[in-house]
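Q: Attaching a single structure in structure tokens format; questions to follow.
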Amino acid sequence: MQTTSGSPSSPPSGFPEGRAAYARVSPDGPEYWFAYAEKARKMWARPTWGISEAEIARINRLVLVVAGDREGLEGALRIFRVIPKAKLYVVPGTGHATFRERPDWLNPVILDFLDRE
């Protein structure tokens, strides 16, 4: 992982696409990228992202869980099984960037889901 100073303890400066997207939409401004990236890194390092299954199970809304079949479905299936009103959509032939890789398949599913809510 690329870092700001080359040391492993520095916040990541890699993932230029994510950094550019963050700069476009962040209400805090692009200068907060490093703080955001470090918080995200710590969250992703935890096996449950810091949220227990009991907390997830308290979600009492219709939820669409989306996953690409090349990403590994364990996390998505765990979330789907725990949320009582969850719906699962697995997008074939995609990985972690499902939204970017197949918007032509995914967008109609999301729009249909939102119309039902």
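Q: What number results when the radius of gyration of the chain, computed over Cα atoms, is divided by 2.2 N^0.38 Å? Can you show the working numbers first?
A: Numbers: Rg = 16.6 Å, N = 117, 2.2 N^0.38 = 13.4 Å.
Taking the Cα Rg and dividing by 2.2 N^0.38 Å, one obtains 1.24.
Q: While we're here: As a footprinting exposure proxy, order 85, 39 by other Cβ within 10 Å, with the fewest listed first. Don't skip to the answer; put the middle values down first.
A: Working: 85 9, 39 12.
Lowest to highest Cβ neighbour count: 85, 39.
Q: Of all the Cα-Cα pairs you can form in the range 73-114, what percent are over 14 Å apart?
A: Details: 454 of 861 pairs.
For the range 73-114, the share of Cα pairs beyond 14 Å comes to 53 percent.
Q: Sticking with this structure for a sec: Quick check: Cα centre of the range 18-62 to Cα centre of the range 82-117, how many Å?
A: So the two Cα centres are separated by 19 Å.
Q: Now a separate question. Report, by chain and number, residues whose modeled amide H sits under 5 Å from the one on residue 26, excluding near sequence neighbours (fewer than 5 apart, same chain).
A: Answer set, sorted by chain and number: none.
The numbers here are math on the coordinates, done by the rules we state, and not lab data. Since the model is a prediction, treat every value here as computed from it, not as a measurement. Every residue, glycine among them, receives a Cβ derived from its backbone with ideal geometry; neighbour counts consider all protein chains shown.
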